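Okay, so here's the structure we're looking at.
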Amino acid sequence: MIARLSGLMLAAFVGAVLFYLSRFWTFSLWSRDGLAGIGALRPQGGLVGQWLRGSDFAPFELLIWAVGAFLVLTAVQRAIDFFKRDGS
C-alpha cells in the first residue's frame, strides 16, 4: 500500500514538473523573480521553449517536449518496477 502510494506521488510530482516545463503551464504561483530567487525558474513555465529559443530546433519544441516526457516517465516506471521486486 505504501509502495503504491509513494509511486503515485512520485509520478504526480514528475508529471507536474513536466507540465511546468511545457508551454501549457498557465499558473503564476510565485513572483517574477523566479522560484526561490532563481531567475531561470520563471512563473510562466515554458522552459523548453526558452531553452530552444534561437536554435534551429525551436519550431519542434512540442515534439521535443513530448519525446522527453515519454522518456522521463518510462525511466520513472522502470525505476519503480526495479525497486518493487517482491511481487506485491
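Taking only the range 33-56 into account, find how many residues are out of contact with any Gly (no Cβ under 9 Å at 6 or more places or on another chain) and assigned to a loop (DSSP other than H, G, I, E, B).
10
Here are the criteria: (1) within 15 Å of VAL17 (Cβ to Cβ); (2) aliphatic (A, V, I, L, M); (3) not in a loop (DSSP other than H, G, I, E, B). Tell me which single one ILE64 does not satisfy.
(1)
If you scan the range 20-29, which residues turn out to be within 25 Å of VAL76 (Cβ to Cβ) and exposed (fewer than 14 other Cβ atoms within 10 Å of the Cβ)?
PHE24, THR26, PHE27, LEU29
Name the residues in the range 37-53 that are open to solvent by 80 Å² or more (accessible area, probe 1.4 Å) and at pLDDT 75 or above, would you?
TRP51, ARG53
Residues to consider are ALA79, ALA75; find the one that is part of a helix (DSSP H, G or I), among the hydrophobic types (A, V, I, L, M, F, W, C), modelled with pLDDT under 90 and exposed (fewer than 14 other Cβ atoms within 10 Å of the Cβ).
Selected residue: ALA79, the only one of ALA79, ALA75 that is part of a helix (DSSP H, G or I), among the hydrophobic types (A, V, I, L, M, F, W, C), modelled with pLDDT under 90 and exposed (fewer than 14 other Cβ atoms within 10 Å of the Cβ).
For the range 30-46, enumerate the residues that are in contact (Cβ under 8 Å) with a residue 12 or more places away in the chain and either more than 26 Å from LEU63 (Cα to Cα) or touching a strand residue (DSSP E or B) at 6+ places or on another chain (Cβ under 6 Å) (or both).
TRP30, SER31
The values are calculated or read from the model by the stated rules, or taken from the named source; none is laboratory data. Quantities reported herein were computed from a predicted structural model and do not represent experimental measurements. Every residue, glycine as well, gets a Cβ built from its backbone with ideal geometry; the counts of neighbours run over all protein chains shown. Each accessible area value is taken on the protein alone, full model and side chains, heavy atoms only, with ligands, DNA and RNA left out. Shrake-Rupley method; radii C 1.70, N 1.55, O 1.52, S 1.80 Å.
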